[in-house]
Every structure is written in structure tokens, then in C-alpha cells.
Amino acid sequence: MITVGVLDLQGGVAEHLKSLEQIPEVNPIPVKKKEKLNNLDGLILPGGESTTMGKLINIFNLKEPIIKLAKQGTPIWGTCAGMILLAQKIKDETNHLGLMNITVQRNGYGNQLDSFVVKKAIPEISDKKIPLVFIRAPYITEVGPKAKILLKLNNKIVAVEEDNLLVTSFHPELEDDLTMHHYFIEKIKNNSI
Ligand code: GLN
């Protein structure tokens, strides 16, 4: 079994757990306490509100253990606010976990009313067009030399991989399509070879 944690402090936790439950070999678990970070094969930082989540990470003493997990090479996927949490630089703000060499622009597409869905293939992953849900989404303005850009939308970077870290501006857990979740599970499997 592949044990995948979903950081359970705020935001779209249930939706990620539900997507993971549909993949037979995966054991999804909500993670509130640092003890639960032990023995994870992968971790998802969900969407929500990054300032609130960042504060809760500190209150629950999860910052150092998550950084340790990432440095050990455990795959971590940040969706939307989760991507903001992982970024080394956030425009005009202090960072949270500072793990991935990217600069992000929060609320890059405007406010809640400017949320949108597009159908697009991510050629690095699959030729299938999948629905990409953007909700007050951030985008990436700069990446480091080790980054693999997976997707740009209108010239803005919205999905990147760097070593064991994966980030998406959009929310695959809000649609039935499991392409991105399968991709993350494959990443975990390749990591343990
Ligand atoms: N706008 C939110 C933030 O800046 C992220 C939105 C989301 O996760 N859907 O934290």
C-alpha cells in the first residue's frame, strides 16, 4: 500500500482524500499532527487560504517536520494555496515553507469571481484533455534551474515539478478526472525504486 497524507488544517482536504480513495493501491490519511507525518510515502498540501494555513502550520508545530520530510526526498504536491506554501518566494510577502525554487504571484487572476475552468492536456503527463479548475489561483513568475515546467496557460506557468516537489495552480481534486492524482502516485512509486 502507498500511504499518502493530506494536510488537514484547512481547505480542500476531503476532496483530495476522495480522489485518492479511488486509486486501489493508495491508503489516504488526513494529517493534523506531526506524528502522522512519519511513515508517509507522499504528502498533499491542499488548496484553501495560504495565510491561514501557514499560521496553522506554525501553531501545530508542523513547519520543521514538513521541511524535514521534503529534504528526505518524500514527494510533496501542493495544489493552489499548497503551492504558495511550498514557494521560496511569494511576491510582496514572506514565504512559508520556502522549499521550492519558484516565485509565485498570489491571486494572480483576480478575485473569487475571476475563477474559471479550462480543458487542457498536460503533454508531459498525458494527451488527454483534463478540466483544470482555477479558484483565486496563484501563478508562477519565476522558476529555478532544476524546474521542469509542466504547463503554461496564456504564458503563465501553472504546473511545475522540481525533484520530489510538484505544484499546480489548479485543483484536480474538484473534478472526477484522476490524471493528476495518478501522476503523483507514479512519482511516489518512482521515488521508492
Ligand atoms: N487565493 C488563495 C491564497 O492566496 C489560494 C486559493 C486556492 O487555494 N484556491 O491562499
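The values are calculated or read from the model by the stated rules, or taken from the named source; none is laboratory data. Given the structure is predicted, the values throughout are model-derived calculations rather than measurements. Here the Cβ positions follow ideal geometry from the backbone for every residue, glycine too, while neighbour counts run over all protein chains shown. What goes into the accessible areas is simple: the full protein's heavy atoms, side chains included, and nothing from ligands, DNA or RNA. Shrake-Rupley method; radii C 1.70, N 1.55, O 1.52, S 1.80 Å.
Ordered by 1.4 Å accessible area with all protein chains kept, E175, E21 run largest first as E21, E175. DSSP bridge analysis restricted to the chain gives an antiparallel fraction near 50%, rounded to the nearest 5. Taking the three principal axes of the alpha carbon atoms in the stretch 113-193, the coordinate ranges are 43, 31, 20 Å, sorted in descending order.
Annotation: extensible slack from K129 through I59 equals 21.2 nm (criterion: 0.36 nm per residue apart, minus Cα-Cα distance). The stretch 28-70 and the stretch 97-142 have their alpha-carbon centroids 21 Å apart. Computed over protein heavy atoms with a 1.4 Å probe, the carbon and sulfur contribution to the accessible area of the stretch 1-105 reaches 48%. Probing with 1.4 Å while keeping every protein chain in the model, the per residue accessible area of the chain equals 47 Å². Relative to the Cα centre, the charge distribution of the chain, modelled as +1 at Lys and Arg Cβ and -1 at Asp and Glu Cβ, gives a dipole magnitude of about 400 debye.
When the surface is traced with a 1.4 Å probe over the full set of protein chains, K146 keeps roughly 130 Å² accessible. Computed from the C-beta positions of K33 and N191 and an R0 of 25 Å, the FRET efficiency is 0.60 to the nearest 0.05. Using a cutoff of 8 angstrom between alpha carbon atoms and counting only pairs six or more residues apart, the relative contact order for the chain works out to 18 percent. Note on the stretch 50-149: with charges restricted to the Cβ of Lys and Arg (+1) and Asp and Glu (-1), its dipole about the Cα centre is near 180 debye. Placing dummy labels 7 Å off each Cα toward the beta-carbon, the span from K71 to D92 is 3.3 nm.
When D177, D41, D92, D163 are compared by accessible area at a 1.4 angstrom probe, the order from most to least is D92, D163, D41, D177. Normalising by residue count, the chain has a Cα convex hull of 110 Å³ per residue. Sorting the Cα pairs of the stretch 50-101 by distance into bins of 10 Å, from 0 upward, gives 25, 61, 14 percent per bin. When the charge dipole of the chain is built from unit charges on Cβ atoms (+1 for Lys and Arg, -1 for Asp and Glu) and taken about the Cα centre, the candidate among I2, T79, I90 whose Cα reaches farthest toward its positive end is I90.
Given R0 = 30 Å, the distance between the Cβ atoms of V143 and I23 translates into a calculated FRET efficiency of 0.60.
The portion of the accessible surface of the stretch 108-191 made up by carbon and sulfur, rounded to a whole percent, is 46 (1.4 Å probe; DNA, RNA and ligands excluded).
Calculated on the alpha-carbon coordinates, the convex hull of the stretch 1-109 measures out at 94 cubic angstrom per residue.
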